[in-house]
Amino acid sequence: MNRRLMNLGLCCAGLSAFVAPPLAASPASPSYQQIPGGSFSAVAEIRAKPGKEAALRAATLPLIKLVRADPKNLVYFLQEDRQEPGHFVFYEVFASEADFNAHNAMPYVKAWFAKLPDLATGDVQATKLTILSTGE
């Protein structure tokens, strides 16, 4: 066997000890069956002003726990662009647009929006969507 291939094989065999087992879904995790077709979703994004990336992140991270605790929220993810720190993307699912609007009227959401003029380059850009279902 070619010495390079043998070394590669040994290297890869050694790496197998470091591969983590697949993660199981948490019992509190939403399942696809719990999200009915026709549910309201939104993908929103905001960008930090230069030098304000850490401050916007710090102001935004508490939303995860708060929004997920809302019984009308079905799914909520806050994400940050790996190539552009300070570019945040939200993915949210609610049963209805009325539930989403009620979420945006919550005091903690209003307080977050009030911080944006100092931290962000502009307004939140949101795309409002409808969850499609196959009826299964």
Condition first: outside any strand (DSSP E or B), closer than 18 Å to VAL124 by Cα and either modelled with pLDDT of 95 or more or within 13 Å of the chain's Cα centre (by Cα) (or both). Can you find one or more residues in the stretch 68-82 that meet it? yes
Being more than 10 Å from GLU80 (Cβ to Cβ) and either among the small types (Gly, Ala, Ser) or in a helix (DSSP H, G or I) (or both) is the filter here; which residues of the stretch 49-65 pass it? GLY51, ALA54, ALA55, ALA58, ALA59, PRO62, LEU63, ILE64, LYS65
Go through the stretch 83-95 residue by residue and tally those that are part of a strand (DSSP E or B) and surrounded by fewer than 16 Cβ atoms within 10 Å (Cβ to Cβ). 2
Within the stretch 53-64, which residues are more than 17 Å from LYS110 (Cβ to Cβ) and of a type outside the set (A, V, I, L, M, F, W, C)? GLU53, ARG57
Test set (1) surrounded by 14 or more Cβ atoms within 10 Å (Cβ to Cβ); (2) free of Cβ contacts under 8 Å to residues at least 24 places away in the same chain; (3) under 24 Å from GLN34 (Cβ atoms) - LYS65 fails condition number: (1)
Select from the stretch 112-136 the residues that are surrounded by fewer than 12 Cβ atoms within 10 Å (Cβ to Cβ) and farther than 20 Å from SER41 by Cβ and list them in ascending order. ALA114, PRO117, ASP118, GLY122
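The values are calculated or read from the model by the stated rules, or taken from the named source; none is laboratory data. Just so we're clear, the structure is a prediction, and the values are computed from it rather than from any experiment. Because the Cβ atoms are built from the backbone with ideal geometry, glycine has one as well, and the counts that use them run over all protein chains shown.
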